[in-house]
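Q: So that we are looking at the same thing, I have put the structure below in structure tokens.
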Amino acid sequence: MAKIFCVANQKGGVGKTTTAVNLAAGLARLEQRVLLVDLDPQGNATMGAGINKAELDASIYEVMLGLADVRAARVRSETGHFDVLPANRELAGAEVEMVELDNREKRLKDALAAVDDEYDFMLIDCPPALSMLTLNGLCAAHGVIIPMQCEYYALEGLSDLVNTIKKVHAKLNPDLKIIGLLRVMFDPRMTLSQQVSSQLEQHFGDKVFRSIIPRNVRLAEAPSYGMPGINFDPSSKGAQAYLAFGAEMVERIKTL
């Protein structure tokens, strides 16, 4: 049975997609069977895994509307060595089209159930908003990984996200829990980063991952080559940090 995790944060530009793609590649390196689900109409995770979103025969859009199944829509990432349920701009229309469908919050959960025994991990890259798409991700997942920058505005957004997760847990998905907070784009030279990092550790305790992802140019360059950062430059600090995070995730799952 696959462990299903959302990578979510209502704030944009906090490294959700970078985290989802590199965690998928890191877990694949640890010989885990991984499916990366791109739930963002921008399709950045699809492109970051080396897949041309303009040439898809089917995508998660068709899967959400019941026009195709996961097996028909998934594509292999040759640069990351994991499977991808890809997305493109069509997915933006799914928001409107799903409004009148039955069981609309659980369309993704039902679709993924068909391939549950084919993977060890399914990672869902959510869009930066609390939309019907994000709600589908939260309803399908066992837990949420929250990437966040150590800055003041990130703390503000975090409280909103935690409240949202509590509501989904109470009303729609009793299995849902916060797996952990991942500090990303971390710059140890900034006093504010250190202060916010300490606040997170004090408030959330062992919910904060030990792994810290530094601000790293090589991670930022990798998507333009259609590769996860850990395969683009395995020796870079960012790649090493995501590899350590993948190992920490595998260990953490054993204690859940």
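What follows draws every value from the coordinates through simple rules; no lab data is involved. These figures come from a predicted structure and were not determined experimentally. No Cβ is skipped: glycine too gets one built from the backbone with ideal geometry, and neighbour counts run over all protein chains shown.
Q: How high is the relative contact order of the chain, given as a whole-number percent (alpha carbon pairs under 8 Å, six or more residues apart)?
A: 26
Q: Between segment 83-138 and segment 177-220, what is the separation of their alpha carbon centroids in Å?
A: 28
Q: Take every Cα pair under 8 Å in segment 55-136 that's 6+ residues apart, average their separations, divide by the length, and report that relative contact order as a whole percent.
A: The value is 28 percent.
Q: Apply the Karplus curve 6.51 cos²θ - 1.76 cosθ + 1.60, θ = phi - 60°, to the phi angles in segment 57-68 and return the couplings in whole Hz, x for Gly and Pro.
A: 6, 8, 9, 5, 4, 5, 5, 5, 8, x, 8, 7
Q: Sticking with this structure for a sec: In sequence order, what are the phi-derived ³J(HN,Hα) couplings for segment 153-164 according to the Karplus relation 6.51 cos²θ - 1.76 cosθ + 1.60 with θ = phi - 60°, rounded to whole Hz, with x for glycine and proline?
A: After applying 6.51 cos²θ - 1.76 cosθ + 1.60, I find 4, 5, 5, 4, x, 5, 5, 5, 5, 4, 5, 4 Hz.
Q: Under 5 Å between amide H atoms, partner at least 5 residues away or on a different chain: which partners does A2 have, H built in plane at 1.01 Å?
A: Hits under the 5 Å cutoff: Y119.
Q: Ok, one more. Charges on Cβ only, +1 for Lys and Arg, -1 for Asp and Glu, centred on the Cα centroid of the chain; of I253, V196, A87, which one is farthest towards the dipole's positive end?
A: Of I253, V196, A87, it is V196.
Q: Report the charge-dipole magnitude of segment 3-255 in Debye, nearest 20, computed about the Cα centre from +1 at each Lys and Arg Cβ and -1 at each Asp and Glu Cβ.
A: Here the size comes out at about 780 debye.
Q: Run lengths n ≥ 4 of DSSP H only: what is the helix-derived mean residue ellipticity at 222 nm for the chain, with -39500 (n - 2.57) per run over all residues, to the nearest 500?
A: Value at 222 nm, helices only: -12500 deg cm²/dmol.
Q: Going by average Cβ neighbours within 10 Å, how do the peptides 29-39, 224-234, 199-209 rank, with the highest at the top?
A: Taking the mean over residues of other Cβ atoms within 10 Å, the ranking is 29-39, 224-234, 199-209.
Q: So, one more: Would you work out if segment 3-255 is rounded, prolate or oblate? Take a ≥ b ≥ c from the square roots of the eigenvalues of the alpha-carbon gyration tensor; rounded if a/c is under 1.5, else prolate when a/b is larger than b/c, oblate otherwise.
A: The shape class here is oblate.
Q: Cα to Cα, under 24 Å, and not fewer than 8 places away if on the same chain: which lysines meet these conditions relative to K254?
A: K3, K16, K109, K166, K177, K207
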